[in-house]
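The values are calculated or read from the model by the stated rules, or taken from the named source; none is laboratory data. The structure displayed is predicted, hence computed values, not measured ones. As a convention, Cβ positions derive from the backbone with ideal geometry for all residues, glycine included, and neighbour counts pool all protein chains shown. To get the accessible areas, we keep the full protein, side chains included, count just its heavy atoms, and leave off ligands, DNA and RNA. Shrake-Rupley method; radii C 1.70, N 1.55, O 1.52, S 1.80 Å.
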Amino acid sequence: MELTERDREILEFERSWWTVDVPKDQQIQEKFQLSATRYYQILVELLDMPAAAIYDPLVIRRLQRQRDRRRQARLDAVSEERPSSTGSTGEEI
């Protein structure tokens, strides 16, 4: 699948949004006329598109690493919340 002009603009935006002294959500609204939720939905789709990885491999790899770290943190948090298989006395149930 080929990248659209908006897809390329999103990748370019991700390359340098932090250089502007305006909150990212506000920049997204002003530049793309999208809600932050819709913007991130599109961005997640781009992360798995081979054409995006060809267009800007550094940005895509950076964002994939961030996504993977967040997923792992959520998994770790869920596993910490699960009750253990021992009772309150520490004995196996």
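Of note:
- Filtering the range 52-66 to residues that are touching a residue at least 12 places away in the same chain (Cβ under 8 Å), assigned to a helix (DSSP H, G or I) and surrounded by 14 or more Cβ atoms within 10 Å (Cβ to Cβ) leaves 52, 55, 59, 60, 63.
- Within the range 1-24, residues that are part of a loop (DSSP other than H, G, I, E, B) reach partners that are among the β-branched types (Val, Ile, Thr) and exposed (fewer than 15 other Cβ atoms within 10 Å of the Cβ) with beta carbons closer than 9 Å, at six or more positions or on different chains, in the pairs 3/54.
- Residue within the range 36-44 that is more than 19 Å from residue 68 (Cα to Cα), in contact with an Asp or Glu (Cβ under 9 Å, 6 or more places away or on another chain), assigned to a helix (DSSP H, G or I) and small (Gly, Ala, Ser) present: yes
- Top-ranked residue of the range 1-26 - restricted to ones that are open to solvent by 80 Å² or more (accessible area, probe 1.4 Å) and polar (S, T, N, Q), ranked as modelled with the highest pLDDT: 26
- Exactly one residue out of 72, 29 is at pLDDT 95 or above and among the polar types (S, T, N, Q): that is 29.
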